[in-house]
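Undergrad: The structure follows.
The values are calculated or read from the model by the stated rules, or taken from the named source; none is laboratory data. Since this is a predicted model, take the numbers as computed values, not measurements. Backbone-built Cβ (ideal geometry, glycine too); neighbour counts: all protein chains shown. Ligands, DNA and RNA are excluded from the accessible area calculation, which covers all protein heavy atoms including side chains. Shrake-Rupley method; radii C 1.70, N 1.55, O 1.52, S 1.80 Å.
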Amino acid sequence: METLTTRGRAARLGVTALGFAVLLAGTLWGTDDDFPFGPFRMYSTSNPPNAPAPDTRVEGVDATGAVVGLGQEATGIRRAEIEGQQDRYAGDPALLAEVADAYAERHPDAPDLVEVRIVIRWYGIREGRPTGRYTDETVVRWQAER
């Protein structure tokens, strides 16, 4: 086994110091998008004990008027992908047409979707425990052109 040269040792220490500096900077000023060099805040924070808990879902309405769940099994799109892009969908609801297209591709014999919406179900929480009550809020809606 060869001995590490002074130059090699200095290079390794420099790279290690740089890695620690990036990690520290990401921890102090980073966002979830900077992971693994930034904090992953999803698991490091909690809601107040009396704040409602959100549960986001995507649903559609087909040409017969039936409400269709548009989860990963139905569209191939994970809920986290929808939640992560929710601001984009709110800014341009026409982007939800892609969800309708993904559904149609997986279910060619199903009636066409005429509406796709992102709905948040707010579960009531009191003193950190579920109350059994909830309210639904439609935050984004796209309707097909007829």
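Undergrad: Being aliphatic (A, V, I, L, M) and part of a strand (DSSP E or B) is the filter; apply it to segment 61-71 and report the residue that is surrounded by the fewest Cβ atoms within 10 Å (Cβ to Cβ). Show your work before the answer.
TA: First, pick out the residues of segment 61-71 that are aliphatic (A, V, I, L, M): 61, 63, 66-68, 70.
From the residues that got through so far, the ones that are part of a strand (DSSP E or B) too are 61, 67-68.
Details: VAL61: 18, VAL67: 12, VAL68: 20.
Taking the candidates together, the pick is VAL67.
Undergrad: With the structure loaded, tell me whether ALA25 is in a helix (DSSP H, G or I) and either in contact (Cβ under 8 Å) with a residue 12 or more places away in the chain or under 17 Å from the mean Cα position of the chain (by Cα) (or both) or whether it fails that test. Can you show your working first?
TA: Numbers: in a helix (DSSP H, G or I): yes; either in contact (Cβ under 8 Å) with a residue 12 or more places away in the chain or under 17 Å from the mean Cα position of the chain (by Cα) (or both): yes.
Judged against the criteria, ALA25 is a match.
Undergrad: Next question. If only one of ARG106, ARG78, ARG121, ARG88 is more than 20 Å from the chain's Cα centre (by Cα) and not polar (S, T, N, Q), which one is it? Step through it out loud before you land on a result.
TA: Values: ARG78 fails: more than 20 Å from the chain's Cα centre (by Cα); ARG121 fails: more than 20 Å from the chain's Cα centre (by Cα); ARG88 fails: more than 20 Å from the chain's Cα centre (by Cα).
Going through ARG106, ARG78, ARG121, ARG88 in turn, just one is more than 20 Å from the chain's Cα centre (by Cα) and not polar (S, T, N, Q): ARG106.
Undergrad: Name the pairs: first residue in segment 116-136 and on the phi > 0 side of the Ramachandran plot, second residue in a strand (DSSP E or B), Cβ to Cβ under 8 Å, at least 6 apart or on different chains?
TA: Within 8 Å, the pairs are GLY132/GLY124.
Undergrad: Next up: Check off (1) open to solvent by less than 70 Å² (accessible area, probe 1.4 Å); (2) modelled with pLDDT of 85 or more for GLY26 and give me the number that stays unchecked.
TA: For GLY26, the failing item is (2).
Undergrad: I've got another one for you. Please specify each residue of segment 104-117 satisfying the condition of being under 22 Å from ALA94 (Cα atoms) and either assigned to a strand (DSSP E or B) or not hydrophobic (A, V, I, L, M, F, W, C) (or both).
TA: Taking segment 104-117 as the starting set, the residues that turn out to be under 22 Å from ALA94 (Cα atoms) are 104-108, 110-117.
The answer is GLU105, ARG106, HIS107, PRO108, PRO111, ASP112, LEU113, VAL114, GLU115, VAL116, ARG117.
Undergrad: Continuing with the same structure: If we scan segment 44-60, do we find a residue that is part of a helix (DSSP H, G or I), open to solvent by 60 Å² or more (accessible area, probe 1.4 Å), out of contact with any His (no Cβ under 8 Å at 6 or more places or on another chain) and in contact (Cβ under 8 Å) with a residue 12 or more places away in the chain? Please lay out each step first, then the result.
TA: Restricting attention to segment 44-60, the residues satisfying the condition of being part of a helix (DSSP H, G or I) are none.
No, the conditions are met nowhere in segment 44-60.
Undergrad: Which of the residues that make up segment 118-136 are surrounded by fewer than 11 Cβ atoms within 10 Å (Cβ to Cβ) and within 30 Å of LEU95 (Cβ to Cβ)?
TA: The one that is surrounded by fewer than 11 Cβ atoms within 10 Å (Cβ to Cβ) and within 30 Å of LEU95 (Cβ to Cβ): THR135.
Undergrad: Can you name the number of the only condition in (1) under 21 Å from ARG121 (Cα atoms); (2) open to solvent by less than 40 Å² (accessible area, probe 1.4 Å); (3) part of a loop (DSSP other than H, G, I, E, B) that ILE82 fails?
TA: (3)
Undergrad: Of ALA74, ALA100, which residue is in contact with a strand residue (DSSP E or B) (Cβ under 6 Å, 6 or more places away or on another chain), outside any strand (DSSP E or B), touching a residue at least 24 places away in the same chain (Cβ under 8 Å) and not aromatic (Phe, Trp, Tyr)?
TA: Values: ALA74 fails: in contact with a strand residue (DSSP E or B) (Cβ under 6 Å, 6 or more places away or on another chain).
None of the others qualify; the one that does is ALA100.
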